[in-house]
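Heads up, the thing below is written out as structure tokens.
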Amino acid sequence: MRGIILLNGEPWQGEIEDGNAFVVCCDGALRWAKGRVRIDVTAGDFDSLGYVPQGAQVFPVEKDSTDGEIALQMLLSRGCRQIDIYGGGGGREDHLFGNLQLLVAAHRAGAHAVMHTKYTDISCGEGEICWKGQRGKTLSLAPVGERAHIMESEGLRYPLQDLTLTAGSCRGISNVVLSDEARILCDEGTLFLFLVREDSKW
């Protein structure tokens, strides 16, 4: 089952395919999502939106979980194993960091979550990870936690062989997919995977 989380970061400008998905809209995301996306549940503490929408699921402002975490748990409890997150980038960098943790939490729960920001699709992975039809795209890799080991790669401009990526290093930034099918084998640890859709002019 597929789920969608809408967050109160940088408004998503593209289309959102909401067919056959359960959609949770968090707090202030309602400003940009209402009328554009079919919403099944609106949830949060509504400190950002400033009012409580009719029928919303309301949570305390002072709580141990973010609205995004609450939405993720809703989807996982419904059996969603493919989750797309929109509106997670831009705005406050502390929230961006927190939203990256949603990807880790989903991965550890056996789900595959992808956060779609203005330029990049971000996810987590381990083992054999493959990309198809992404020739020419920039691909950056970073460890989740202290380190992750990549045994081998295929189809990348800069081959990754017996390479350990460590926290505090930028070694995995700005590789390029050279073929229609590319792959890496991460045999230890977990990776953040950043696939850049457009040129961000860095």
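The values are calculated or read from the model by the stated rules, or taken from the named source; none is laboratory data. As the structure is a prediction and not an experimental result, all values here were calculated from the model. Positions of Cβ are backbone-derived with ideal geometry, glycine not excepted, and every protein chain shown enters the neighbour counts.
Among the strands (runs of 3 or more DSSP E) confined to the range 1-58, the ones with at least 1 residues that are within 25 Å of Arg197 (Cβ to Cβ) and in contact (Cβ under 8 Å) with a residue 24 or more places away in the chain are located at 2-6, 21-26.
From the list Leu165, Leu195, the one residue that fits, being in a strand (DSSP E or B), of a type in the set (A, V, I, L, M) and closer than 24 Å to Tyr86 by Cα, is Leu195.
Of everything in the range 105-136 that is outside any helix (DSSP H, G or I) and of a type in the set (D, E, K, R), the residue that is modelled with the lowest pLDDT is Lys118. Among residues of the range 173-202 that are within 12 Å of Leu160 (Cβ to Cβ) and modelled with pLDDT of 95 or more, those with a Cβ under 7 angstrom from a residue that is part of a strand (DSSP E or B) and among the acidic types (Asp, Glu), sequence gap 6+ or separate chain, pair up as Ala182/Glu154; Arg183/Glu128; Arg183/Glu154; Leu185/Glu128; Leu185/Glu152; Cys186/Glu126; Leu191/Glu126.
If the condition is being in a loop (DSSP other than H, G, I, E, B), surrounded by fewer than 18 Cβ atoms within 10 Å (Cβ to Cβ) and at pLDDT 90 or above, then the range 60-91 contributes Arg78, Gly79, Arg81. Of Leu178, Leu156, Leu139, Leu163, which residue is crowded, with 17+ Cβ neighbours inside 10 Å, farther than 25 Å from Gly89 by Cβ and not aromatic (Phe, Trp, Tyr)? Going through Leu178, Leu156, Leu139, Leu163 in turn, the sole match is Leu163. For the range 141-150, does any single residue satisfy the condition of being modelled with pLDDT of 95 or more and within 25 Å of Gly14 (Cβ to Cβ)? Checking the range 141-150: at least one residue is modelled with pLDDT of 95 or more and within 25 Å of Gly14 (Cβ to Cβ).
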